[in-house]
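Questions regarding the structure given below will be posed in turn.
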């Protein structure tokens, strides 16, 4: 678990705006923690692409209501 | 005919009075020698004092007088002698004017130095107003 | 997260000191009381030095001194080294300890020279398994950023006396930045949203390689986005300029408040001096006229009896027809010359010639007299005219002189009034202030006009981005070869949308929350509650303090009220941030008057129920009002004292 504290309102906001789509929500939350835990990394794009590959595989267009 | 006098004189002792600061820079500031002389003459006449000159020196040229100036000194001579005959004797006319001026400049100097600076003219103004009231100008 | 303990060794006044902030009551409130010079502000500096490696609150005197404690320096042998150490022990809400430790080594070369030989900074923490780990370098800095990020530390560890300058230094942009950082919106915006967008662009480029139409749409979209970015950058610059200009206008407005309108007064003075000169000249001319009248008419009046006599004689002679003379002298001379009478033609004998000669003599005398009298006639008439007019002329001149003297007096009085109004002011400086204010007003207005145009352009650019995005999506959907990539792109786009919506919602909500909380705290703190009507945090994050009569009054309130607004805003930011890092204030009530101190005490007491609050007071500040309300509620009270040689500060627990 990350030691970084993320503003609860950001996490709540992401949940709310994902409109029930857990995949998008979890993806963004992971990204937020990734940024907070490892700020300023120069290899961020690789990390982002890996996360996109992983999460988008479970996602379908029109998944949320 | 005797030679006509060509200038009007003052007593030598009067030079320092005419040249005094209070006369040249205040009471008679900006006046010519002729105007200073005529004013001194008028002061002497008003105060009914005249004095013969002990020593003479020229003060201004007779030819510098205009007809008004000549009329003034002729009037004084007429008043003094009582008849017009005096007018044919220019020397006598000038002498009368000179004697009044000799007394007059002293009176002027004494009065000017006995009052506050700047107040002589104010005093003169008031005196002339009361003189005006007493004269019968008609 | 809270500070459990601070440990100092050889740091400035503190040779060896430890302060433990144990929570004992409902409130996590702690006081440190120390006179000036005992190390109170250096305690704040110590925390900054430990966490960030700098000392932003160092006094001028301290700047001249080495970091290493002077007593230690004195006792050190030449050639030896000694260490400055500051440790900040913190405790998380989960009960874990994170310790920040900074050590600097100094070598003594002689009694006057000490050199810094190196610094180490490390953070000790427990990992997920409970093992103790040590972070150094960049990793250590990351831990500091999680505790209290450097960019927003002035909202957590700050000097109360600087609150007065808060709104002078902070522009809307600064405040916006602070709000973003403190609430981690910047994390969402700069990191997630921006990086996700970059990654999305890469995916689109990749898709573009398979189809010219996709590539075409992607390129157009990229260009549209670049244009939008450019416009947004210019908008930011404009807003910054506007913020700076507004502050400067307010700054010069403050300086000019109460200062007379120098420009107008100078203009009036110039006119007065011209008028004074003209009036003096007119007065001088009239006085000369008066003198001339006195001389000329004075002579006439003094000689009036003589003039009158002369006039009588002239008139009598005229009446008697003695003037002009009856016999012409020239005629007689011609008779004598010709020795014959021109009337009857008879020759002159001796007797007749003698008679003629006597007659000539007689006529000569009377002719000269008559001539003189004739010449006098006109001047005598003029004298009478002038004497008659003297009184009227003199009265007229006197009236004019009186009028000019009165005008002179009035003008001189007005000039003195103006001089008195302007006395004590540096006119050059004030003119400079007016010029500067006008310059910044122009800059502000120019930028506002520009901003208007840019906002319109932004709308257009956003429209273009939307249009090309739709175009690209359409092309992507058509192309079978990139189906997999299309899915990732769609996923990314959705994620960016969610991140953006979240950011916008949080921004709005945060601004509103900060506004509400700032208002709540301010109206609790301030004494004159009826004076103020509202507080608004504008879209550009500028703060307006609204008077109960409806006008904006931040520029005209007292220093104490400004401080309370700044404090209220800071407390509101704390709440909005979700950070529970401690609040440490040095000299918190220096500018706050006695009547407001009790309100201040109540508010801070309430804050300390939610987060650790450490206050560094001077004895004067720790007044009756403060101690009466807070004394019994504090978890800890510490007194700083200097030793007799004044080279060491000691901490006493009270």
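The values are calculated or read from the model by the stated rules, or taken from the named source; none is laboratory data. Keep in mind that this is a model prediction, so the values were computed, not measured. So basically every Cβ, Gly included, is an ideal-geometry build from the backbone, and we count neighbours across all protein chains shown.
Conditions tested, residue by residue: (1) under 14 Å from residue A:28 (Cα atoms); (2) buried (at least 18 other Cβ atoms within 10 Å of the Cβ); (3) in contact with a helix residue (DSSP H, G or I) (Cβ under 7 Å, 6 or more places away or on another chain); (4) at the interface with chain A (Cβ under 9 Å from one of its Cβ atoms).
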site	(1), (2), (3), (4)
C:471	no, no, yes, no
C:478	no, no, no, no
C:482	no, yes, yes, no
C:490	no, yes, no, yes
C:495	yes, yes, yes, yes
C:499	yes, yes, yes, yes
C:502	yes, yes, yes, yes
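Then there is this: Determine which member of the set C:221, C:283, C:228, C:200 is assigned to a helix (DSSP H, G or I) and farther than 30 Å from residue C:476 by Cβ.
Among C:221, C:283, C:228, C:200, only C:283 is assigned to a helix (DSSP H, G or I) and farther than 30 Å from residue C:476 by Cβ.
Still on this structure, I have one more. Closer than 30 Å to residue C:219 by Cβ and surrounded by 17 or more Cβ atoms within 10 Å (Cβ to Cβ): does that describe residue C:443?
No: the conditions fail for residue C:443.
Please count how many residues of segment C:344-370 are under 29 Å from residue B:84 (Cβ atoms), more than 9 Å from chain B (Cβ to nearest Cβ) and either at pLDDT below 85 or not in a helix (DSSP H, G or I) (or both).
Qualifying residue count, segment C:344-370: 6.
While we're on this one: Considering only residues that are in contact (Cβ under 8 Å) with a residue 24 or more places away in the chain and part of a helix (DSSP H, G or I), which ones fall in segment C:629-649?
Across segment C:629-649, the qualifying residues are C:629, C:630, C:633.
Confirm whether residue C:248 is in contact (Cβ under 8 Å) with a residue 60 or more places away in the chain and more than 9 Å from chain B (Cβ to nearest Cβ).
Yes: the conditions hold for residue C:248.
Within the bounds of segment C:587-604, is there any residue that is modelled with pLDDT of 85 or more, touching a helix residue (DSSP H, G or I) at 6+ places or on another chain (Cβ under 7 Å) and not in a loop (DSSP other than H, G, I, E, B)?
No, because not a single residue in segment C:587-604 is modelled with pLDDT of 85 or more, touching a helix residue (DSSP H, G or I) at 6+ places or on another chain (Cβ under 7 Å) and not in a loop (DSSP other than H, G, I, E, B).
Give the residues of segment C:92-114 that are closer than 30 Å to residue C:4 by Cα and either at pLDDT below 90 or in contact with a helix residue (DSSP H, G or I) (Cβ under 6 Å, 6 or more places away or on another chain) (or both), sorted by residue number.
Here is the first cut: in segment C:92-114, the ones closer than 30 Å to residue C:4 by Cα are C:92-106.
Residues satisfying the conditions are C:92, C:93, C:94, C:95, C:96, C:97, C:100, C:102.
On to the next question. Return yes or no: is residue C:407 assigned to a helix (DSSP H, G or I) and touching a residue at least 24 places away in the same chain (Cβ under 8 Å)?
Yes: the conditions hold for residue C:407.
Applying the selection to segment C:322-334, what residues are in a helix (DSSP H, G or I) and either touching a helix residue (DSSP H, G or I) at 6+ places or on another chain (Cβ under 7 Å) or at the interface with chain B (Cβ under 8 Å from one of its Cβ atoms) (or both)?
Here is the first cut: in segment C:322-334, the residues in a helix (DSSP H, G or I) are C:329-334.
Scanning segment C:322-334 gives C:329, C:332, C:333.
Does residue C:508 qualify as being farther than 27 Å from residue C:265 by Cα, out of contact with any strand residue (DSSP E or B) (no Cβ under 7 Å at 6 or more places or on another chain), surrounded by fewer than 12 Cβ atoms within 10 Å (Cβ to Cβ) and within 14 Å of chain A (Cβ to nearest Cβ)?
Criteria met by residue C:508.
So is residue C:239 within 18 Å of residue C:486 (Cβ to Cβ) and buried (at least 16 other Cβ atoms within 10 Å of the Cβ) or not?
Criteria not met by residue C:239.
Let me ask something additional. Quickly run through segment C:479-494 and pick out the residues that are farther than 11 Å from residue C:206 by Cα and in contact (Cβ under 8 Å) with a residue 40 or more places away in the chain. Spell out the reasoning first.
Taking segment C:479-494 and keeping what is farther than 11 Å from residue C:206 by Cα, we get C:479-481, C:483-484, C:487-488, C:490-494.
Passing the criteria: C:479, C:481, C:488, C:492, C:493.
Go through segment C:293-321 and count every residue that is surrounded by fewer than 16 Cβ atoms within 10 Å (Cβ to Cβ) and either more than 8 Å from chain B (Cβ to nearest Cβ) or in contact (Cβ under 8 Å) with a residue 24 or more places away in the chain (or both).
7
Which of (1) surrounded by fewer than 18 Cβ atoms within 10 Å (Cβ to Cβ); (2) farther than 30 Å from residue C:632 by Cβ does residue C:92 not meet, given it meets every other one?
So the condition that residue C:92 fails would be (2).
Still on this structure, please answer the following. Considering only residues that are closer than 12 Å to residue A:36 by Cβ and facing another protein chain (nearest Cβ under 8 Å), look in segment C:171-196 and name the one that is modelled with the lowest pLDDT.
C:191
Do we have any residue at all in segment A:25-32 that's modelled with pLDDT under 90, in a helix (DSSP H, G or I) and within 9 Å of chain C (Cβ to nearest Cβ)?
Yes - at least one qualifying residue is present in segment A:25-32.
Return yes or no: is residue B:96 at pLDDT 95 or above and touching a strand residue (DSSP E or B) at 6+ places or on another chain (Cβ under 9 Å)?
No, not satisfied.
Moving on. Out of segment B:42-85, which residues are more than 9 Å from chain C (Cβ to nearest Cβ), over 14 Å from the mean Cα position of the chain (by Cα) and either closer than 11 Å to residue C:310 by Cβ or outside any helix (DSSP H, G or I) (or both)?
Passing the criteria: B:54, B:55, B:56, B:57, B:58, B:61.
Can you tell me which condition residue C:584 does not meet? The list is (1) outside any helix (DSSP H, G or I); (2) at pLDDT below 85; (3) touching a strand residue (DSSP E or B) at 6+ places or on another chain (Cβ under 9 Å); (4) over 27 Å from residue C:509 (Cβ atoms), and all the others hold.
If we test residue C:584 against (1) outside any helix (DSSP H, G or I); (2) at pLDDT below 85; (3) touching a strand residue (DSSP E or B) at 6+ places or on another chain (Cβ under 9 Å); (4) over 27 Å from residue C:509 (Cβ atoms), just (2) comes out false.
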